[in-house]
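The structure appears below as structure tokens.
Each reported figure results from applying straightforward, stated rules to the coordinates on display, with no laboratory input. Given the structure is predicted, the values throughout are model-derived calculations rather than measurements. Because the Cβ atoms are built from the backbone with ideal geometry, glycine has one as well, and the counts that use them run over all protein chains shown.
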Amino acid sequence: MLYETGIVTDDLLESVLPSPGRRARGPYAIIECFQEIPCNPCTISCPFGAILPMGDINDLPELVPDLCTGCGICAGVCPGLAIFIVDESIGDGRAAISIPYEFVPLPAKGDTVSAVDRAGNHVTDATVTRVSGVKKKGTPLVTLSVPLDLVHQIRFFQQDKQLAVSQPLMTSEKEREDKQSLSEATLICRCEGITIGDVRKLVEEGYTTVDEIKRISRAGMGPCQARTCGPLIADLIARITGVPVEDVEPSAHRPPVKPLPISFFMEEESDVLT
Ligand code: SF4
Ligand code: SF4
């Protein structure tokens, strides 16, 4: 069902919800990551060890709710935007949900937005109470005040429709194509924290293939092994140099196709020797 619709089912949500007692105590992360993919920034980012180390890079992340402080660091680094911070301890029938938000313009504290469910349907109007992480690497978090009984329905929001629609219309075709219209701080390789600005600088220094960018910056050498950033870097090189993207030399792929622990090779070696 999840793979057909892309929408988390109630059963899956139930499987990652902390106990009622923990939920009542204060903010916590809820990790809605249900697809086994080579990804682990969440586990590495948590300063409290609240997301268990993975045995295999394809494992699903596992939260230890009692160790989680709800700090939100993991939500800002998750490339899948799969982590939300929920606080059900506020009182007065209200709750707070912090949502990773990659779009511009960001809303401002005090704005009213349309809180929507996982399918994008309007659930309720909500007030923005905080916008955090704007100056850090990673995705800003927008915190909404919502009714307590709706907090697990709400997973995104829409700003004023006119504003959202008018943004691309204000930008001409030429401007959209213009390399400068891309924000320099936008992460292009989330695994290694490489931004558009980092890649642009390298291209302007003369590194114009995906492999060159990879070797000098490590972009594409993280857990996703360039599956996400490789085509984006090729596209960026094409925009900056004016070369058609199909003429940009792509990254070479060699085995292993996913990160493996050194013990894997040591075991293989032992088998050969015995
Ligand atoms: S919210 Fe903070 S403490 Fe909780 S899992 Fe994420 S990084 Fe760790
Ligand atoms: S960082 Fe996000 S997408 Fe990656 S494993 Fe963790 S929760 Fe899943």
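With +1 assigned to the C-beta of every Lys and Arg and -1 to the C-beta of every Asp and Glu, and no other charges, what is the dipole magnitude of the stretch 173-247 about the Cα centre in debye, to the nearest 20?
300 debye
Given the convex hull over the Cα atoms of the stretch 2-164, what projected area results after averaging over all orientations, in nm²?
The number I arrive at for the stretch 2-164 is 9.6 nm².
Which helices of the chain meet both criteria: a Cα extent of 15 Å or more along the helical axis and a mean Kyte-Doolittle score no lower than 1.0, with helices taken as whole DSSP H segments?
Span-like helices, by this rule, are 229-241.
Please identify the longest segment of the chain free of exposed GluC sites (Glu not before Pro), where exposed means a DSSP state other than H, G, I, E or B and no more than 15 other Cβ atoms within 10 Å.
Answer from the scan: 185-274.
For n ≥ 4 DSSP H runs only, could you compute -39500 (n - 2.57) per run for the chain, divide by its residues and tell me the 222 nm figure to the nearest 500?
Helix contribution divided over all residues of the chain: -8000 deg cm²/dmol.
Starting from the Cα gyration tensor of the stretch 72-140, take the square roots of the eigenvalues, sort them a ≥ b ≥ c, and report rounded, prolate or oblate (rounded when a/c is under 1.5, otherwise prolate if a/b is larger than b/c, else oblate).
rounded
Per residue of the stretch 5-10, what does 6.51 cos²θ - 1.76 cosθ + 1.60 with θ = phi - 60° give for ³J(HN,Hα)? Whole Hz please, x for Gly and Pro, Karplus curve as stated.
Result, rounded to whole Hz: 9, x, 10, 5, 7, 4.
What size of dipole, in debye to the nearest 20, comes out for the stretch 1-129 about its Cα centre when the only charges are +1 on Lys and Arg C-beta atoms and -1 on Asp and Glu C-beta atoms?
460 debye
With the chain treated as a Gaussian network of Cα nodes joined by springs under 10 Å, which of Asp235, Asp149, Asp211 yields the largest mean-square fluctuation?
Most flexible of the set in this elastic network: Asp149.
For the stretch 99-161, which chymotrypsin sites (Phe, Trp or Tyr not before Pro) are both in a DSSP coil and crowded by at most 16 other Cβ atoms within 10 Å?
Phe103
Sorted from largest down, give the three principal axis spans of the alpha carbons of the chain, whole angstrom values.
Computed over the Cα atoms, the extents are 64, 59, 34 Å.
Over the chain, what relative contact order in percent results from Cα pairs under 8 Å that are six or more residues apart?
That works out to 12 percent.
Using a Gaussian network for the chain with springs between C-alpha atoms less than 10 Å apart, which of these wobbles most: Ile31, Ile262, Ile97?
Judging by the Gaussian network model, the answer is Ile262.
Over 21 Å, how big is the tail of the calculated P(r) for the stretch 173-247, in percent of all Cα pairs?
Above the 21 Å cut-off, the stretch 173-247 has 18 percent of its Cα pairs.
Where is the GNM fluctuation largest for the chain (alpha-carbon springs, 10 angstrom cutoff): Ala119, Ala95, Ala234?
Ala119
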